[in-house]
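One structure is given below, encoded as structure tokens.
The values are calculated or read from the model by the stated rules, or taken from the named source; none is laboratory data. Model, not experiment: these values are computed from the prediction. We place every Cβ from the backbone using ideal geometry, glycine too, and count neighbours over all the protein chains shown. Side chains included, ligands, DNA and RNA excluded: accessible areas come from the protein's heavy atoms. Shrake-Rupley method; radii C 1.70, N 1.55, O 1.52, S 1.80 Å.
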Amino acid sequence: MSAKEIKALERRFIEEWNKGKAAAMAVIDELCATNIAYHGGGGEEIRGLKDFKQSMGEFSSAFPDSHFIIDDMVVEGDKVAARWTMTGTHKGELGGIPPTNKKVTIWGIYIDRIAGGKFVETWERFDTLGLMQQLGLVPTPGKGQR
């Protein structure tokens, strides 16, 4: 695939994700390989479409109004790196954390490897500390001190 085609694939994934959980699950079925490998920011390793969909579905349920913006994107060979910003409201359980109903804005970076027009591997890192601070689970240094 050309760099232009890879960028279009990446944008399509995000555009569909932003339409809600049903669209997100459908685009995962369409654009991800059955043997997808996900290397997550918390050290989690997910292998296979079923487990990947389950994990992404849990995130989508936790932030049902999540909206991603791609801030930067770079393609090199069969890989695309993207820096993104996500906004959303914590309305569902997230990794055992009950809903806080707090609005959050976080940033992240992922690298996707594409083969045969599908995502086959993803490495993702995002601002987990910032997320935990915004959810009120971890204190923000200097906040409220005087």
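Which FRET efficiency, nearest 0.05, do Thr100 and Asp71 yield, Cβ-Cβ r, R0 30 Å?
On the way: r = 25 Å, r/R0 = 0.85.
Working from the Cβ atoms, E equals 0.75.
Exceeding 26 Å between C-alpha atoms, which entries from my cross-link table qualify? They are Lys7/Lys102; Lys79/Lys103; Lys91/Lys118; Lys53/Lys79.
Numbers: Lys7/Lys102 32 Å; Lys79/Lys103 32 Å; Lys91/Lys118 31 Å; Lys53/Lys79 21 Å.
Where the Cα-Cα span goes over 26 Å, the pairs concerned are Lys7/Lys102; Lys79/Lys103; Lys91/Lys118.
Please arrange Arg47, Arg83 by accessible surface area, largest first, computed with a 1.4 Å probe and ligands excluded. Intermediate results must be reported in sequence, preceding the final value.
Values: Arg47 150, Arg83 100 Å².
Of Arg47, Arg83, the descending order of accessible area is Arg47, Arg83.
Within segment 1-63, report the GluC sites (Glu not before Pro) that DSSP leaves as loop and that have at most 13 other Cβ atoms within 10 Å.
Working: sites: Glu5, Glu10, Glu15, Glu16, Glu30, Glu44, Glu45, Glu58; in loops: Glu44.
Sparse-neighbourhood loop GluC sites (Glu not before Pro): Glu44.
Roughly how many Å² of Ser61 are accessible to a 1.4 Å probe, to the nearest 10?
Rounded to the nearest 10, the figure is 50 Å².
Only helical DSSP H runs with n ≥ 4 go in: add -39500 (n - 2.57) per run for the chain, normalise by residue count and round the 222 nm mean residue ellipticity to 500 deg cm²/dmol.
On the way: 4 runs with 47 residues, N = 146.
When only DSSP H runs of four or more count, the value is -10000 deg cm²/dmol.
Stokes-Einstein D for segment 99-146 at 20 °C, 1.002 mPa s, Kirkwood Rh over Cα pairs, in µm²/s? Can you show the working numbers first?
On the way: Rh = 13.3 Å.
Here the translational diffusion coefficient equals 161 µm²/s.
Which of Thr85, Ala23, Val74 sits closest to the plus end of the dipole of the chain, meaning its Cα is farthest towards the positive end, when Lys and Arg get +1 and Asp and Glu get -1 on the C-beta?
It is Thr85.
Can you give the FRET efficiency to the nearest 0.05 for Lys50 and Thr140, using r as the Cβ-Cβ distance and R₀ = 22 Å? List each step's numbers first, then the result.
Numbers: r = 37 Å, r/R0 = 1.70.
It comes out at approximately 0.05.
Give me the percent of Cα-Cα pairs in segment 64-130 that sit more than 14 Å apart, rounded to a whole number.
Working: 1436 of 2211 pairs.
When all Cα pairs of segment 64-130 are counted, 65 percent exceed 14 Å.
By the gyration tensor of its Cα atoms, with a ≥ b ≥ c the square roots of the eigenvalues, what is the shape of segment 1-69: rounded for a/c under 1.5, prolate for a/b over b/c, or oblate? Don't skip to the end; give the middle numbers.
On the way: a/c = 1.63, a/b = 1.12, b/c = 1.46.
It is oblate, given that a/c is not under 1.5 and a/b is not larger than b/c.
Report the Cα-based extents of segment 1-129 along its three principal axes, largest first, to the nearest Å.
42, 29, 27
Measure nothing but the geometry: give the 0 to 90° angle between the long axis through the Cα atoms of 3-17 and the longest principal axis through the Cα atoms of the chain, rounded to 10°.
Its long axis makes an angle of about 50 degrees.
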